[in-house]
Amino acid sequence: MNRSSLGLIAWIVSARFSVAGAVQIDGGSLVLNFTGGFVPTSGDAFDVITCGSIAGEFDLIGASGLPLG
């Protein structure tokens with residue numbers, strides 16, 4: 001993807017960005033925004049991209065919408 005960030009709007013935890021072929025990630029940011037009172041627990045994992053193959057990585061992976069502490 002030739003973008004500086006990947007934005008996903010998800011109303012449910014299982015929402016994904018799906019690509020039939022290959023995905024190339026060249027940096028940028030992936031920020032998960034938790035809303036509606038959902039708070040993940042330690043060890044939770046989320047598949048946000050499904051694709052045939054993936055290469056590269058994000059420069060930053062973050063989260064917003066979480067309670068302090």
All-but-one check, Ile61 against (1) at pLDDT 85 or above; (2) assigned to a loop (DSSP other than H, G, I, E, B); (3) under 13 Å from the mean Cα position of the chain (by Cα), failing number (2)
Which members of region 41-54 meet the condition of being modelled with pLDDT of 85 or more and surrounded by 10 or more Cβ atoms within 10 Å (Cβ to Cβ)?
-> Ile49, Thr50, Cys51, Ile54
Note down all Cβ pairs under 8 Å where the first residue falls in region 39-58 and is in a loop (DSSP other than H, G, I, E, B), the second is open to solvent by 70 Å² or more (accessible area, probe 1.4 Å) and among the hydroxyl-bearing types (Ser, Thr, Tyr), and they're at least six residues apart or on different chains.
-> Cys51/Ser18
Inspect region 3-13 for any residue being surrounded by 11 or more Cβ atoms within 10 Å (Cβ to Cβ), in a loop (DSSP other than H, G, I, E, B), over 13 Å from the mean Cα position of the chain (by Cα) and modelled with pLDDT under 80 and give the result as yes or no.
-> yes
How many residues does region 15-34 contain that are modelled with pLDDT under 80 and open to solvent by 70 Å² or more (accessible area, probe 1.4 Å)?
-> 1
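The values are calculated or read from the model by the stated rules, or taken from the named source; none is laboratory data. Treat the numbers as computed from the prediction; the structure is a model and nothing was measured. Note that we place each Cβ from the backbone using ideal geometry, even for glycine, and neighbour counts take in every protein chain shown. Ligands, DNA and RNA are stripped out before the accessible areas are found, and what is left, the full protein with its side chains, is counted by its heavy atoms. Shrake-Rupley method; radii C 1.70, N 1.55, O 1.52, S 1.80 Å.
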